[in-house]
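Asks: Starting off with a structure, shown below.
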Amino acid sequence: MPDEQMAGAGSAPVPPGGVPGTPPAPPAAPAAPRPLDPIDRSIIRLLQADGRASIRSVAEQVHVSRANAYARINRLIDDGVIRGFAARVNHERAGQGASAYITLKIVQNSWRTVREKLRELPGAAHIALVSGDFDVLLLVHTPDNRTLRELVLTRLQSIPEVLSTRTLLVFEETDLLDSTPDRPANPTISED
């Protein structure tokens, strides 16, 4: 019979592994991050450069067994060091030819509200709460300057918590991950 039913009618449910009538224990604090060794850092660099790299390829490049590479990658994922795998996109070729960094000054203590509204913006790629002369740095990619202007003048400036914005157009950008010296500029898909 489940613990909740054993507590009896009208009494508080029993928390898993707890005593009837007592509140559940607060959640445990997150464990301190494990230190990364040079092999872990090498694996991270390799996967940042090519998230589709095979376990065999990673193992060979960091000089460990496939089982060791597999275990390390899984541990890095489980520990939250690696949050996921994504494609790096050439925004211009994907029809997003206008990019800009937009700085925002916002009402004090409105970060969480503003962040949620910025997440909904089409083309929003990166949002950061920062220190300095402004509060938020936002990176956006849009099809063209007209769409960018509409996003800034209509969407951003209509958010009540946004006090002011400043738009910095991106004329050219270089993805430093594409500049890895031991990796070809145009990666191929690995079959192993």
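Asks: Any idea which residue in the stretch 62-87 is modelled with the lowest pLDDT, counting only those that are exposed (fewer than 12 other Cβ atoms within 10 Å of the Cβ) and not hydrophobic (A, V, I, L, M, F, W, C)?
Replies: The extreme case among them is 84.
Asks: Can you say whether residue 87 is under 17 Å from residue 139 (Cβ atoms), of a type in the set (A, V, I, L, M) and touching a Leu at 6+ places or on another chain (Cβ under 7 Å), as far as the supplied structure shows?
Replies: Details: under 17 Å from residue 139 (Cβ atoms): yes; of a type in the set (A, V, I, L, M): yes; touching a Leu at 6+ places or on another chain (Cβ under 7 Å): no.
No.
Asks: If you don't mind, another one. Look through 64, 58 and report the one residue that is under 30 Å from residue 42 (Cα atoms) and in a loop (DSSP other than H, G, I, E, B). Show your work before the answer.
Replies: Details: 58 fails: in a loop (DSSP other than H, G, I, E, B).
One residue alone meets the criteria, 64.
Asks: Being part of a loop (DSSP other than H, G, I, E, B), hydrophobic (A, V, I, L, M, F, W, C) and either touching a Ser or Thr at 6+ places or on another chain (Cβ under 7 Å) or closer than 27 Å to residue 52 by Cβ (or both) is true for just one of 102, 77, 82. Which residue is that?
Replies: Testing whether each residue is part of a loop (DSSP other than H, G, I, E, B), hydrophobic (A, V, I, L, M, F, W, C) and either touching a Ser or Thr at 6+ places or on another chain (Cβ under 7 Å) or closer than 27 Å to residue 52 by Cβ (or both) leaves just 82.
Asks: Inspect all residues belonging to the stretch 99-111 and state whether any of them is open to solvent by 40 Å² or more (accessible area, probe 1.4 Å) and within 19 Å of residue 142 (Cα to Cα).
Replies: So far as the stretch 99-111 goes, yes, one or more of its residues are open to solvent by 40 Å² or more (accessible area, probe 1.4 Å) and within 19 Å of residue 142 (Cα to Cα).
Asks: What pairs can you find where one residue is in the stretch 116-134 and under 18 Å from residue 153 (Cα atoms), the other is assigned to a loop (DSSP other than H, G, I, E, B) and at pLDDT below 95, and their Cβ atoms are less than 8 Å apart, with a gap of 6+ or different chains?
Replies: Final answer for the pair search is 123/96.
Asks: Taking residue 173 as the residue in question, decide whether it is modelled with pLDDT under 95 and either outside any strand (DSSP E or B) or of a type in the set (Lys, Arg) (or both).
Replies: Working: modelled with pLDDT under 95: yes; either outside any strand (DSSP E or B) or of a type in the set (Lys, Arg) (or both): yes.
So residue 173 fits the description; yes.
Asks: Search the stretch 44-61 for residues being in contact (Cβ under 8 Å) with a residue 24 or more places away in the chain, touching a Lys or Arg at 6+ places or on another chain (Cβ under 9 Å) and closer than 19 Å to residue 175 by Cα, and hand back the single one that is least open to solvent (accessible area, probe 1.4 Å).
Replies: This residue is 49.
Asks: Taking the stretch 67-84 on its own, how many of its residues are within 16 Å of residue 45 (Cβ to Cβ) and charged (D, E, K, R)?
Replies: Residues that pass the stated criteria total 2.
Asks: Right, something else. Of the conditions (1) assigned to a loop (DSSP other than H, G, I, E, B); (2) of a type in the set (S, T, N, Q); (3) under 20 Å from residue 53 (Cβ atoms), residue 131 clears all except one; give me its number.
Replies: That leaves (3) as the condition not met.
The values are calculated or read from the model by the stated rules, or taken from the named source; none is laboratory data. Since the model is a prediction, treat every value here as computed from it, not as a measurement. Here the Cβ is made from the backbone with ideal geometry for all residues, glycine too, and neighbour counts use every protein chain on show. Side chains are part of the model used for accessible areas, which takes the heavy atoms of the whole protein and leaves out ligands, DNA and RNA. Shrake-Rupley method; radii C 1.70, N 1.55, O 1.52, S 1.80 Å.
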